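One structure is given here, and the rest of the page talks about it.
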Amino acid sequence: MPRFSVIVPAYKVQAYLQECLESVLGQSYPDLEVIAVDDRSPDACGALVDEFAARDARVRPVHLPENGGVGGARNAGIEHATGDYLVFVDGDDTLAPDALRSIADRIKEADDPDIVVYDHAHALWTGETVRSPFLHQLTEQGPVPFRLDDRPLLLKLPLVAWNKAYRREFVESESLTFAPGAHTDTSWTVPALLAAESVATLDRVCVHHRRQRKITNPPSDHGDHGYFDIHEQYDRVFAFVDARPELAHWRPVLFRRMVDQLMAVLARPDRLPRTARAEFLRRSRAHYRRYRTPGAAVPLHARLRHLLVRTGSYRTYRVVRLASALRRHATLFVKSLARSVRSAALRLHYRVQRRLPLRADRAVFTSHSGRGYGCNPGALEAAFRSFVPGMRTAWVAHPEHHHTLPTATARVRPGTAAYWTALARSKYLVSNASWDERFVKRAGQVVIRTQAGTPLKRMGLDLQDRPAAARDTDFTALLADVDTWDHCLSANRHSTLVWERVFPGGYTTLETGQPRNDVFQQATSADVTRLRESLGIPEGSVAILYAPTHRDYLRGPRHTLDLERVLRQLGPRYVLLARAHHLYDAPLTAASGGRLIDVTDHPNIESLCLASDALVTDYSSLMFDYANLDRPIVIHSDDWEAYEAARGTYFDLRAFPPGAVARSEDELIDIFATGHWRGSRSAQLRGAFRERFCPYDDGRAAERVVQRLVLGGTAGRAPVTPLAERHPVPSAAAMFAAAPLASVPHPQSSPEGARSTTR
């Protein structure tokens, strides 16, 4: 008996069914069966189901003799199911990676509840993925399991079957079945939640629900009958409640939920044609009167909806809709006018400020166009305050990042009067990205472009023949920004040659090193211990920082590593710190705690580097910074050809890597399992890499910049410490490196095969 029976109804989804079934069969939790139900689909769905069944014995094909709708297909799937739990996945949806494992873990924690409710994300036709807005309803805090009476707000979640796992014995004991109709999920979900003796929630996206670009009106077998089946579904819901007197207290809640759903259907032109709306509203009025509970309070914000349904007048509804539209347009007009007035006032303010004297004791900083405190500008901001008495600094950041700023620097929001004052009056302007395109450089101002690392991928004008990477880059605006630079920082000769070619201008390049890397030479072992404790890294563990870069040829983050599998293969001594690129809002993994720690939102990448024992990355410039720690680096380059074709690089990383190179997940596991990640060959490669790319990062780069540009000295006043004389803080693993690693299982590949990837 499998743990899960995944029921997949298929009707006119041939373009998506393969992806759906692959997402289920590719789960890291293999104890499942797939009941793929061909609902007499006129396209190739039936053939696809049979193909998967021939390839994988876990797929059980069911071919219905006639089309019965999604409800009938699911009922057929339930009849064939043998698993402990039922999971419903529509044929055009997909399961998220590791979803079933997370659900299984939650079932075990909650002692086999009747229902587990989990989160979902909408997969838009544009390629974007948007998480549902119901995250706060799925918190896993509090007693588990519980009944719906303890968490009644769960009824505010979408009334759908595909965001829950159901214990099969519970479904059978309650004789739950899907009714026919386009809104069959309503008369299934509500009774299931009401009848469940034990419910648990899972705060994890387990389903990607596809939103089609165009949704046609629901099919109807009986004229316009199909447009009104939502009324019949609520007839079934209230019949279920009436048959159980102990559920009578739910009637007011369900009544309000019904009114909300009826109005939602009425407002969807893709669900309800214009010719059916008047009749729909009349039927809704009848249901309102039939199921209204005397004395039930109606929230103030919902009274207009209730009034419209109670009267049942479509003419009144149209008038209200028109008035609402007019109000929205008026509001938008007023807001647009207010923005125009504010913009004009700010432009005038900026012009006035530019006529006032510069303040030689003021410096303004920002990083990544308004993100939090950090990177090279952050290190320079601290150096300005430390080495220049009386210097007053300001940091430009969006409000959500203000908590990362030190108290000694002023907080400035982009686009405000204070922002334009800072740009107009500050002598020093320091950033790793462009300032506002309306910025006008004044005589006497010093603009310092720090850049954001050593370039491996192509940058600047080198993207002119790389449309996938350039996207909407305005190269004329880019060069106009370059013309405002006075100085450009460089970490090494390679960077200097690239910057001066791809950002041609009259600025002066300063080969001072990367100020953000100073902390690697200044930190102590106590700092490393403190950082590891703050991240929850167990003592004695090997912490691997996994930080991939973004892909220009993809719309979203690229998930090529099964991080949980990697950890299982390496054994309990390893911990993974997973960090997504800052261009993506979504984390690398939804799992948290334990040995897989999501550090995507951690404000300081340097702290993560210090806390880790090794870095795994692909083509991120972080490798050049991490090399200053003289700790192991492993490159995961499974898509080098695609990355090179889309973005392009300045040298072949595989021929000159900072450590071992893995071309697949299995090779990556093998490199760590065999100890090759910190072997002598890896150390030799890292040494050569440091010689080329880390000549100036000795812990005093920020000091040299301040001496050169503010104190009027030269770079020579802070001599560069040779590589051989630098002693970066050791990793935690280095202190117990003499202890042999525990034997761990790994794929059948030889150490020689892994080593050959570094040649």
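The values are calculated or read from the model by the stated rules, or taken from the named source; none is laboratory data. Because the structure is predicted, anything quoted here is derived from the model rather than measured. Cβ: placed from backbone, ideal geometry, glycine included. Neighbour counts: every protein chain shown. Accessible surface areas use protein heavy atoms only, side chains included; no ligands, DNA or RNA. Shrake-Rupley method; radii C 1.70, N 1.55, O 1.52, S 1.80 Å.
Annotations
- When residues in region 117-147 are screened for being under 23 Å from residue 197 (Cα atoms), in a strand (DSSP E or B) and under 23 Å from the mean Cα position of the chain (by Cα), 3 of them pass.
- All of (1) closer than 30 Å to residue 66 by Cα; (2) open to solvent by 10 Å² or more (accessible area, probe 1.4 Å); (3) in a helix (DSSP H, G or I); (4) in contact with a helix residue (DSSP H, G or I) (Cβ under 7 Å, 6 or more places away or on another chain) hold for residue 172 with one exception: (4).
- Residue-level check: of (1) within 30 Å of residue 233 (Cα to Cα); (2) in contact (Cβ under 8 Å) with a residue 60 or more places away in the chain, residue 66 misses just (2).
- Residue check, residue 631 surrounded by 18 or more Cβ atoms within 10 Å (Cβ to Cβ), assigned to a loop (DSSP other than H, G, I, E, B) and modelled with pLDDT of 90 or more: yes
- Test set (1) within 16 Å of residue 165 (Cα to Cα); (2) touching a residue at least 12 places away in the same chain (Cβ under 8 Å); (3) not acidic (Asp, Glu) - residue 60 fails condition number: (1)
- Residue in region 107-122 that is farthest from residue 146 (Cα to Cα), counting only those that are open to solvent by 20 Å² or more (accessible area, probe 1.4 Å) and touching a strand residue (DSSP E or B) at 6+ places or on another chain (Cβ under 7 Å): 122
- Of all residues in region 1-17, those that are touching a Leu at 6+ places or on another chain (Cβ under 7 Å) and over 17 Å from residue 60 (Cβ atoms) total 1.
- When residue 184 is tested against (1) under 30 Å from the mean Cα position of the chain (by Cα); (2) open to solvent by less than 10 Å² (accessible area, probe 1.4 Å); (3) at pLDDT below 95, just one condition goes unmet, and that condition is (1).
- Residue 178 crowded, with 21+ Cβ neighbours inside 10 Å and either under 23 Å from residue 10 (Cα atoms) or more than 28 Å from the chain's Cα centre (by Cα) (or both): yes
- Restricting attention to region 712-730, the residues being open to solvent by 10 Å² or more (accessible area, probe 1.4 Å), modelled with pLDDT of 90 or more and part of a loop (DSSP other than H, G, I, E, B) number 7.
- Scanning region 311-319 for any residue that is open to solvent by 60 Å² or more (accessible area, probe 1.4 Å), in a helix (DSSP H, G or I), under 27 Å from residue 384 (Cβ atoms) and outside the structural domain of residue 267 (by the TED database) turns up nothing.
- Residues of region 54-103 that are polar (S, T, N, Q) and touching a His at 6+ places or on another chain (Cβ under 8 Å): 94 alone.
- Qualifying residue in region 390-405 (condition: of a type outside the set (Phe, Trp, Tyr), open to solvent by less than 80 Å² (accessible area, probe 1.4 Å) and over 34 Å from the mean Cα position of the chain (by Cα)): yes
- The listed residues are 352, 364, 396, and the only one of them that is free of Cβ contacts under 8 Å to residues at least 40 places away in the same chain and closer than 24 Å to residue 507 by Cα turns out to be 396.
- Residue in region 223-246 that is surrounded by 20 or more Cβ atoms within 10 Å (Cβ to Cβ), in a loop (DSSP other than H, G, I, E, B) and at pLDDT 95 or above present: no
- When each of 613, 639 is tested for being of a type in the set (D, E, K, R), open to solvent by less than 30 Å² (accessible area, probe 1.4 Å) and at pLDDT 95 or above, the lone residue that passes is 613.
- Flag if residue 458 is open to solvent by 10 Å² or more (accessible area, probe 1.4 Å), touching a helix residue (DSSP H, G or I) at 6+ places or on another chain (Cβ under 8 Å) and touching a residue at least 12 places away in the same chain (Cβ under 8 Å): yes
- Filter pass, residue 393 being assigned to a loop (DSSP other than H, G, I, E, B) and not assigned by the TED database to the domain that holds residue 650: no
- Residue list for region 653-670, restricted to those being assigned to a loop (DSSP other than H, G, I, E, B) and more than 19 Å from residue 502 (Cβ to Cβ): 654, 655, 656, 657, 658, 659, 663, 664
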